[in-house]
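Each reported figure results from applying straightforward, stated rules to the coordinates on display, with no laboratory input. None of the values given here were measured: they were computed from a predicted structure. When we count neighbours, we look across all protein chains shown, and the Cβ atoms used for this are built from the backbone with ideal geometry, even at glycine.
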Amino acid sequence: MAGPMNDASVPPANHRDRLLAGLAETLERKSFRQITLSDIAEAARVSRRTFYEHFQNKEACFLALCEDVGRHVMGAIQRAGTADKSWSEQVKWTTHAYLSVVEARPLLMKALYIELATLGEVGMNMRRQVVEQFARYLQGQIEMQRQRGEPVMSLSLPMGVAIVAGINELILYRLGGDQTRSLLELAVDAEELILRVSRE
């Protein structure tokens, strides 16, 4: 399915996806504050009228983009992990999948991380929702490993949130610094964080 995380040179077929892809493309060039509805519509190659058929305002479009990207990232993580892997292998492959997705569109991902904070309470709620989703996935994977007899400890939701938030901060730290270094270099640190917290 085409969407905002896919090749920007291939426009999605339906108008909603084109608008999300248009906003994603524009966020790589402008801050959210600077972006206008006309910018989004132009990038999506649709009219402003079409925009309003799908979204009330640019904030609603941005939140929909966050949800869409979150689903894309989660899908990549789920495809990377299988039940037959050991816990250390599972952590390695899912961490690599997450960092690979971010590295594919670093400017977009950086914008999504940062610009959510500019939306006030609604932005905070969206960030909470996304972080909780990944934390609960981590919880579920650990429980599966425990049932298989892996020496791992149950993970509380707050601790899961702390791990996800910590990895995201690590990514932001790198995105704000040396742009020539691969985000995949962070894999070792991210894996160590997860394994140290989860190992018995």
Net lengthening on full extension, E185/E200 (0.36 nm per residue, minus Cα-Cα) = 2.8 nm
Among [x] 19.6, 58; [y] 21.5, 78; [z] 18.0, 57, the value of Rg and Dmax of the Cα atoms in Å computed for this structure carries the label [z]
Selection from G70, A104, G149, by position along the positive dipole direction of segment 62-198 (Cβ) | G149
Segment E143-E89, length gained on full extension (0.36 nm per residue, minus Cα span) | 17.9 nm
In nm, to one decimal, how far is the A104 label point from the R45 one, both placed 7 Å along Cα→Cβ?
-> 2.1
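Taking R0 as 41 Å, what's the FRET efficiency between A165 and T36 from their Cβ-Cβ distance, rounded to 0.05?
0.80
Treating only the Cβ atoms of Lys and Arg (+1) and Asp and Glu (-1) as charged, compute the dipole magnitude of the chain about its Cα centre; round to the nearest 20 debye.
Values: 24 positive and 25 negative charges, 68 e Å.
Using only the charged Cβ atoms, the result is roughly 320 debye.
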Pseudo-spin-label distance Q129 to N14, built 7 Å along Cα→Cβ, given in nm, is 1.8
Under 25 Å from K58, Cα to Cα: lysines that are on another chain or at least 8 residues apart = K30, K110
19 Å reach of a label modelled at E59, 7 Å along Cα-to-Cβ, counting backbone N of segment 106-134 | 112-130
Label 7 Å along Cα→Cβ of M153; segment 179-200 residues with amide nitrogen under 18 Å?
-> 191-200
Grab the DSSP H runs of the chain that are 4 residues or longer, score each as -39,500 (n - 2.57), total them, divide by all residues and round the 222 nm result to the nearest 500 deg cm²/dmol.
-> -22500 deg cm²/dmol
